[in-house]
Amino acid sequence: MKESISIGLLGLGTVGSGVVKLVQNHQEQLVHQLGCSLTIHKVLVRDIEKEREVDIRREILTTDYKEVVLNPEIDIIVEVMGGIEDTKKYILEAFQAKKHVVTANKDLIALYGSELQDAATANGCDLYYEASVAGGIPIIRGLADGLASDKIEKLMGIVNGTTNYILTKMDKEGLSYETALQNAQKLGYAEADPTADVEGLDAARKMAILSRLAFSMNIDLEDVEVTGISKVTKEDLKYGDMLGYTMKLIGYAHQVDGKAEVSVQPTFLSKNHPLSSVNDEYNAVYVYGEAVGETMFYGPGAGSLPTATSVVSDIVAVVKNMRLGVNGKNTLLPQYEKNLKKADERLAKYFIRLHVRDEVGAFSELTKLFSAYSISFEKILQLPLEEKGLAEIVIVTHKATMENYQSVLQHIRDLSVVKGIQSFYRVEGDGLK
Ligand code: NAP
Ligand code: HSE
């Protein structure tokens, strides 16, 4: 075993700088754990002249990826630059050059995780990606190691900090969606173009990665149904609150009888559910295992040092494998063929908010439609609206199949008593399963 393990960094931005700081500041502890030191040997950046917030020698910066990826001195490539196609190419070349790879890149792992894992295994190399989901929370390791002996039935995640911040501010401070989003951008949580965050794509990528591990099934990104939070209103939150719910962007993954479903959508969570108290930019993942029951992993989902903690822990895992001579053997290849639930196998409760003519027989029209599709009401709220002759009606259903729920939504507009559907959301968290 070498006295020092050499790291090649691809990227020296928010996460890359955190990695350099951790490797420098925690060196003594790392040497104790690993029996060798870690050295940042070469770093790929776009602009060598840029002022850096870390203490790093300019000579080790380069704009030529080959000086890092194909460098014979380097043992481990740490990819914290982002991007997809070029980045994938660099990582594949790194495996061919027999280098282990640690990445924080959820976009890449969600799209090409299986292909990269195959390439790593074929070359006897490790691929670790703890930081790709929920920044500083060790959820990948939690699923792959901590809960390895259990059968995961359900996983629910608040895995996007930007949207959790926005929904928290709308809920607790009464801010509009637009103002809360502007604040998230000022604080640096949301990107300049926040589309991937607010439309749920960032969370969908993370849920594809988590559900693959939880169910040991090759769930693809396109298998994750996605709805973002951009249409959520303060009125929705107000009526949800009256009925005992908090709104969160929930990544939902469930399996029963070997069939899985995965989605990301704004969801009304019962205030009793542990995820309902996860506020601001924090992330959390709730996992229900057949044997263990309920568990929850909570912490910062992003940020320089929290994310770097996960990256450096992955480096530690690679070096420990090097000591044991087991690199490339720690594969997380799926055990089962992909098997997704059909619409008539997907069960949930739903919240539907309507504007209805306040006249005799209005409710019976609604009841007839819902009964025709075997959906019964669990909670009902009716309030008069300022516009004369109209009422606000909020219905929370008992569990219904997605097929029946979609049929009701399609036909409800045809009822003469219904003036409009204001909103509709999934409801979760009243029971364990
Ligand atoms: P960032 O601050 O924008 O840093 C990116 C770094 O990569 C910069 O140093 C940049 O060089 C370099 N870079 C980018 N494209 C390059 C290219 N084509 N060639 C050479 N260098 C290039 O990004 P970040 O926030 O650290 O995120 C990095 C990765 O971590 C992403 O995959 C992200 O999704 C993931 N991640 C981030 C967080 C977080 O909290 N930020 C959390 C979890 C996961 P210059 O400095 O010269 O511009
Ligand atoms: N944009 C992401 C978020 C960053 O808001 O959670 C961490 O992946």
Q. Please identify the chymotrypsin sites (Phe, Trp or Tyr not before Pro) of the stretch 39-136 that satisfy two criteria: DSSP loop assignment and at most 14 other Cβ atoms within 10 Å. Which are they?
A. none
Q) What is the gain in length, in nm to one decimal, between residue 411 and residue 57 on full extension, counting 0.36 nm per residue of separation less the C-alpha to C-alpha distance? A) 120.8 nm
Q. So what J values fall out for the stretch 265-274 if you push phi through Karplus, 6.51 cos²θ - 1.76 cosθ + 1.60 with θ = phi - 60°, rounded to Hz, Gly and Pro as x?
A. 7, x, 9, 7, 9, 4, 5, 7, 6, x
Q: Using label points projected 7 Å from each Cα along Cα→Cβ, tell me how many nm separate residue 98 and residue 339, to one decimal.
A: 4.1 nm
Q | Relative contact order for the stretch 13-152, counting Cα pairs under 8 Å that sit 6 or more residues apart, in percent | A | 16 percent
Q. Beyond 34 Å, what percent of the Cα pairs of the chain remain?
A. 38 percent
Q.
Give me the percent of accessible area attributable to carbon and sulfur for the chain, probe 1.4 angstrom.
A. 48 percent
Q: Assuming a ≥ b ≥ c are the square roots of the Cα gyration tensor eigenvalues, decide whether the stretch 27-125 counts as rounded (a/c under 1.5), prolate (otherwise, with a/b larger than b/c) or oblate.
A: oblate
Q) Considering only Cα-Cα distances, which of the following residue pairs are longer than 21 Å: 98/338; 42/98; 66/206? A) 98/338; 66/206
Q.
From Cα pairs below 8 angstrom and at least 6 apart in sequence, can you work out the relative contact order of the chain, rounded to a whole percent?
A. 16 percent
Q: Would you calculate a helix-derived [θ] at 222 nm for the chain, using -39,500 (n - 2.57) for each DSSP H run of n ≥ 4 and dividing by the full residue count, to the nearest 500?
A: -10500 deg cm²/dmol
Q: Express as a percent, rounded to the nearest 5, the fraction of DSSP beta bridges in the chain (both residues included) that run antiparallel.
A: 70 percent
Q) How much of the DSSP beta bridge set in the stretch 1-94 is antiparallel, as a percent to the nearest 5? A) 0 percent
Q) Rounded, prolate or oblate: which one fits the stretch 163-271, using the alpha carbon gyration tensor with axes a ≥ b ≥ c (rounded when a/c is under 1.5, else prolate when a/b beats b/c, else oblate)? A) oblate
Q: Sort 175-185, 276-286 for me by packing, meaning the mean count of neighbouring Cβ atoms within 10 Å per residue, highest on top.
A: 276-286, 175-185
Q: Could I have the simple spin-label model distance between residue 25 and residue 218, label points 7 Å from Cα toward Cβ, reported in nm to one decimal?
A: 4.2 nm
**Q.** Vicinal HN-Hα couplings computed from phi for the stretch 71-83 (Karplus, 6.51 cos²θ - 1.76 cosθ + 1.60; Hz; Gly/Pro x)
**A.** 5, x, 6, 8, 9, 10, 9, 10, 9, 9, 10, x, x
Q. Under DSSP H, which helices of the chain have Cα atoms covering 27 Å or more of the helix axis and a Kyte-Doolittle average no less than -1.0?
A. 304-324
Q. Can you give the relative contact order of the stretch 350-433 as a percent, counting alpha carbon pairs under 8 Å and 6+ residues apart?
A. 46 percent
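The values are calculated or read from the model by the stated rules, or taken from the named source; none is laboratory data. Just so we're clear, the structure is a prediction, and the values are computed from it rather than from any experiment. Counting neighbours? That spans all protein chains shown, and the Cβs are built from the backbone with ideal geometry, glycine included. For the accessible areas, the whole protein counts, side chains as well, though only heavy atoms, and no ligand, DNA or RNA atoms are used. Shrake-Rupley method; radii C 1.70, N 1.55, O 1.52, S 1.80 Å.
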